[in-house]
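Chemist: Pasting a structure here, questions to come.
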Amino acid sequence: MKRRSIVALSVVAVLAAAVMTATSVASTKKATASSITVWLQVDAQSGWPDLVAAANNQFKSDHPGVSVNVQYQNWGDHLQKFDATLAGGGGPDVIEMGNTEMTKYMAAGAFADLSAAKGSFDNSANWLAGLAKSGVYNGKTYGVPYYAGSRVVTYRTDLFSKAGIKKLPNSTAAFAADAKRLYAKNTQKGFSAFYVAGEDWYSAMGFVFDYGGGIAQRVSGKWKGLLSSKKSIAGLTAYKNFFYATSRAGKTATEGAPNPNPYDVYAQGLVGSMIGPSWFSCCVGAKFKGSTAQFVMPGHVKGTSMPGFLGGSDLAVPVTSSNKSLATDWIKDFTSTAGEKGLQAKGNIPNATNLLGNSVNERAASRSWFVPTAKHWVDVENGNILRNMLGQILTGKLTVKQAASSASDNIASVLNQS
Amino acid sequence: MLGSSALSAAAVLRGRRRRRFLERSTPYWLIVPTVVAIGVVLGYPLYWLIKLSTERYGLFELIQHHGQSVGLHNYASVLHDSVFWHTLLRTVIFTVANVGLTMGLGLAIALLLLRLSAWVRVLLTSGLVLVWSMPVVVAAQVFFWMTNYENGVLNYVLSQAGLTGEQHDWYASTFSQLSMVTLLIVWGALPFVVITLYAGLAQVPHDLLEAASVDGARAWRAFRDITLPILRPILLILTSLSIIWDFGVFTQPFLLIGQAKTQPGNFLMSTYLFEEGYFRTDFGRGAAISILMLLIVAILSVFYVRKMVRIGEEVA
């Protein structure tokens, strides 16, 4: 009996201790005004940590005693983490958002209104129209344009000249013919003349827009899917044929995780050319650094360029931040003219028209497309509707028409949710 | 004198009664800490989950920290969603396949262990324990690399051996994707099942088996009429645990298939719940799905639990 009660007592003690530690862990530290937390994507960590450091130094000299805690996030799960902080606190004071992710959060009231401070950001009068638009909701500015990037072709100059390609392709048909020449000279297994992952929807939608098609359109207050239109189907068919002719990447592969990054395959010497953000040149491998150059992806009409997805990021201040004015000041420092010129030097498109140059990246941006600016667009992206459609088309499971009309209906129903 | 003795007799009786009451209630007192702990750890979140499932709770409500009551709307919307029913059917088939393979292979390997020489048995058991000690996330990552289309060692070996002309895409169709997930799950689940069943097999009396073989019973007959009935309680426990685990399995399918490839056509209940709840930030609907999942698992395992209780009563 005695032993039993001792056992019971110790069980109670252990459980009580467990409950107490659990609650003590749950109570999070409240952020003090002596530091601000910034969430940037890993792109900044690998591509331009020096610019982040420069902004931090500027900020610290303006605000002595306030430190900046930069935490790098991944695209795949940063929104889920952000949602958790909206519910439970302890979130960032500044957050980097992809331009396609903004609308849903602005509509839900997740960000502080920065309209009053807009004039104090460098070059805000000349912000890139497309990028600035992604940070505006109901006429109020919630997102500060950070940088943009277009998608260009990165290629191996040595392989192109070995294959006898003297002139860079000026149409998709010419590109496909060049791919044939590349394959004739490069017979190793797994080699792609033009590496594009089958489900790379950014590239595939470029073809759709090149043929005059589109993804969705708002018609009298309701979203209508456009992928099943004649022009979109022509674009998807062209993509399918181009993929078969040029790429040996997986038909159901994605343009990054869980699939390897295109530049990793490139660095293995298995790629003649690939499409992606211009900063792909960062990571082509030391061996090929000297024999790598870039050009603008051609369209199907001779002499035109393929409309490229204009990706980009905004910086926003969450409503949960208790240091909103400090956060705004940090954004000012990070997106200063000097900071944006630094981003441009790294191969990005700066946030204002007066800073634009004539790099291949900036030229590619001259013909670009963007996703529908709908509150629920991010659900279309996360639901992988477009990727799934491309997989169905390329594996031949469905015809282009079948896959496109089912995806089109799907997109319309997601965008029209309340 | 008489009065006092009667009084003392009554006191003794009362004392005895109190002692008996104490003795009888001891088990209940002993169980109180457990019940309280379960109540705190499970009951409280469950209460919130049920409350959440009756609310509209999206991103807007998350920021306001306040949901809007919508009654049973979330349940109705889930039950009217064809994706839910397709996912449920897919998950049931998936669970049956996974549990069947785990239990079948587990039993076969456990029986094999009995027949092996000591050092091979030690080798095999160590291998199993190593599998067991591998964290699921690590296992999924390694498995993913091995089966990767571009650089996977599996495709490399197959093409070097001349078995496949082209690289094979192991994740090209839903069936193929879920088969890879099944492989990973069964691989990871086997050690526990094998080691537990092997321990159970040690309880089968040798003399019984010997007597059976003297009486001319073949191996299959001895297995069916002696080994299996003795193993039955363990098999039932393992099966019902496997059903609960495999029906709600999340880590393996989500990591192996990947968020970029997860779509309604390959949803399992857990990925459906995750996509609806977290990716679409519809926490009310997510909560309704998880309550429904809880009910389904309860229904699926009620059969096994009942049998287990019956076996327990027989033994008692």
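The values are calculated or read from the model by the stated rules, or taken from the named source; none is laboratory data. Every value quoted in this text rests on a predicted model; they were computed, and no experiment measured them. Using ideal geometry, Cβ is built from the backbone for each residue, glycine included, and neighbour counts are taken over all protein chains shown.
Chemist: Here's a check for you: in the stretch B:138-192, which residue that is over 32 Å from the mean Cα position of the chain (by Cα) and of a type in the set (Ser, Thr, Tyr) is surrounded by the fewest Cβ atoms within 10 Å (Cβ to Cβ)?
Modeler: Selected residue: B:Thr164.
Chemist: Right, another one. What's the total number of residues in the stretch B:25-60 that are farther than 30 Å from B:Ala76 by Cβ and crowded, with 17+ Cβ neighbours inside 10 Å?
Modeler: 2
Chemist: In this structure, does A:Val219 turn out to be among the aliphatic types (A, V, I, L, M) and under 21 Å from the mean Cα position of the chain (by Cα)? It would help to see each step written out before you state the result.
Modeler: On the way: among the aliphatic types (A, V, I, L, M): yes; under 21 Å from the mean Cα position of the chain (by Cα): no.
So A:Val219 does not fit the description; no.
Chemist: Still on this structure, I have one more. Give the number of residues within the stretch A:165-217 that are of a type in the set (Phe, Trp, Tyr) and free of Cβ contacts under 8 Å to residues at least 12 places away in the same chain.
Modeler: Residues meeting the conditions: 1.
Chemist: For the stretch B:1-89, list the helices (runs of 4 or more DSSP H) that sit wholly inside it and hold at least 2 residues that are away from every other protein chain (no Cβ under 12 Å), out of contact with any His (no Cβ under 9 Å at 6 or more places or on another chain) and touching a residue at least 12 places away in the same chain (Cβ under 8 Å); which are they?
Modeler: B:44-53, B:73-79
Chemist: I'm trying to understand the selection: among the residues of the stretch A:218-240, which are without any contact (Cβ under 8 Å) to a residue 24 or more places away in the chain and either under 14 Å from A:Gln392 (Cα atoms) or of a type in the set (A, V, I, L, M, F, W, C) (or both)?
Modeler: A:Val219, A:Ala234, listed by residue number.
Results for (1) in the same structural domain as B:Leu178 (by TED's automatic domain parsing); (2) within 28 Å of B:Leu238 (Cα to Cα); (3) crowded, with 19+ Cβ neighbours inside 10 Å; (4) not aromatic (Phe, Trp, Tyr), shown as yes or no for each residue.
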position: B:Ser270; (1), (2), (3), (4): yes, yes, yes, yes
position: B:Gly277; (1), (2), (3), (4): yes, no, yes, yes
position: B:Met293; (1), (2), (3), (4): yes, yes, no, yes
position: B:Ala298; (1), (2), (3), (4): yes, yes, no, yes
position: B:Val309; (1), (2), (3), (4): yes, yes, no, yes
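Chemist: Okay, moving on. Would you call A:Ala112 within 14 Å of chain B (Cβ to nearest Cβ), more than 17 Å from the chain's Cα centre (by Cα) and closer than 29 Å to A:Glu255 by Cα?
Modeler: Taking the combined requirement at face value, the residue does not satisfy it.
Chemist: Name the residue, out of A:Asn323, A:Asn361, A:Asn384, that is surrounded by 19 or more Cβ atoms within 10 Å (Cβ to Cβ), under 20 Å from the mean Cα position of the chain (by Cα) and in the same structural domain as A:Leu128 (by TED's automatic domain parsing).
Modeler: Matching residue, one of A:Asn323, A:Asn361, A:Asn384: A:Asn361.
Chemist: Does A:Ala148 meet the test of being assigned to a strand (DSSP E or B), touching a residue at least 24 places away in the same chain (Cβ under 8 Å) and out of contact with any Pro (no Cβ under 7 Å at 6 or more places or on another chain)?
Modeler: Values: assigned to a strand (DSSP E or B): yes; touching a residue at least 24 places away in the same chain (Cβ under 8 Å): yes; out of contact with any Pro (no Cβ under 7 Å at 6 or more places or on another chain): yes.
So A:Ala148 passes the test.
Chemist: With the requirement that a residue be within 10 Å of chain B (Cβ to nearest Cβ) and either in contact with a Ser or Thr (Cβ under 6 Å, 6 or more places away or on another chain) or hydrophobic (A, V, I, L, M, F, W, C) (or both), what does the stretch A:223-281 give you?
Modeler: A:Arg248, A:Ala249, A:Lys251, A:Ala253, A:Ala257, A:Val265, A:Leu270
Chemist: For the list (1) surrounded by fewer than 19 Cβ atoms within 10 Å (Cβ to Cβ); (2) within 14 Å of chain A (Cβ to nearest Cβ); (3) touching an Asp or Glu at 6+ places or on another chain (Cβ under 8 Å), I need the number of the one condition that B:Thr262 fails.
Modeler: (1)
Chemist: Restricting attention to the stretch A:57-78, and to residues there that are within 25 Å of the chain's Cα centre (by Cα) and touching a residue at least 60 places away in the same chain (Cβ under 8 Å), which single residue is nearest to A:Asn382 (Cα to Cα)?
Modeler: If we take residues in the stretch A:57-78 being within 25 Å of the chain's Cα centre (by Cα) and touching a residue at least 60 places away in the same chain (Cβ under 8 Å), then A:Gly76 is nearest to A:Asn382 (Cα to Cα).
Chemist: Moving to a separate point now. Of all residues in the stretch B:274-316, count the ones that are closer than 30 Å to A:Trp75 by Cβ, touching a Phe, Trp or Tyr at 6+ places or on another chain (Cβ under 8 Å) and assigned to a helix (DSSP H, G or I).
Modeler: The number of residues fulfilling the criteria is 10.
Chemist: Ok, one more. Just to be sure I understand the filter: pairs with C-beta atoms under 7 Å, separated by 6 or more residues or on different chains, first member in the stretch A:241-256 and farther than 15 Å from A:Trp201 by Cα, second member of a type in the set (A, V, I, L, M, F, W, C) and surrounded by fewer than 21 Cβ atoms within 10 Å (Cβ to Cβ). Which pairs pass?
Modeler: A:Ala245/A:Ala176; A:Thr246/A:Ala176; A:Arg248/A:Phe191
Okay, residues lined up against (1) closer than 30 Å to A:Lys185 by Cβ; (2) crowded, with 21+ Cβ neighbours inside 10 Å; (3) not acidic (Asp, Glu):
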{"residue": "A:Asp93", "(1), (2), (3)": "no, yes, no"}
{"residue": "A:Met97", "(1), (2), (3)": "no, yes, yes"}
{"residue": "A:Thr100", "(1), (2), (3)": "no, no, yes"}
{"residue": "A:Ala107", "(1), (2), (3)": "no, no, yes"}
{"residue": "A:Gly130", "(1), (2), (3)": "no, no, yes"}
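Chemist: Of the residues in the stretch B:158-180, how many are more than 13 Å from chain A (Cβ to nearest Cβ) and within 23 Å of B:Leu105 (Cβ to Cβ)?
Modeler: Total satisfying the criteria: 2.
Chemist: Among the numbered conditions (1) within 13 Å of A:Thr252 (Cβ to Cβ); (2) at pLDDT 90 or above; (3) of a type outside the set (A, V, I, L, M, F, W, C), tell me where B:Tyr171 comes up short.
Modeler: That leaves (2) as the condition not met.
Chemist: Would you confirm whether any residue within the stretch B:221-234 is surrounded by fewer than 18 Cβ atoms within 10 Å (Cβ to Cβ), in contact (Cβ under 8 Å) with a residue 12 or more places away in the chain and within 14 Å of another protein chain (Cβ to nearest Cβ)?
Modeler: no
Chemist: Another question, if that's okay. Which pairs have Cβ atoms under 6 Å, sit 6 or more apart or on different chains, and link a residue in the stretch B:192-210 that is under 16 Å from B:Phe223 (Cβ atoms) and in the same structural domain as B:Arg221 (by TED's automatic domain parsing) to one that is hydroxyl-bearing (Ser, Thr, Tyr) and in a helix (DSSP H, G or I)?
Modeler: From the stretch B:192-210, the pairs are B:Val204/B:Thr227.
Chemist: Please pick out the residue among A:Gly303, A:Gly276, A:Gly290 that is in the same structural domain as A:Lys162 (by TED's automatic domain parsing), part of a loop (DSSP other than H, G, I, E, B) and not hydroxyl-bearing (Ser, Thr, Tyr).
Modeler: A:Gly303
Chemist: Which fully enclosed helices (runs of 4 or more DSSP H) of the stretch A:330-410 have 3 or more residues being touching a residue at least 24 places away in the same chain (Cβ under 8 Å) and more than 14 Å from chain B (Cβ to nearest Cβ)?
Modeler: A:337-345, A:360-364
Chemist: Could you check how many residues of the stretch A:134-171 are buried (at least 23 other Cβ atoms within 10 Å of the Cβ), closer than 13 Å to A:Ser273 by Cβ and polar (S, T, N, Q)?
Modeler: Residues in the stretch A:134-171 being buried (at least 23 other Cβ atoms within 10 Å of the Cβ), closer than 13 Å to A:Ser273 by Cβ and polar (S, T, N, Q): 1 in total.
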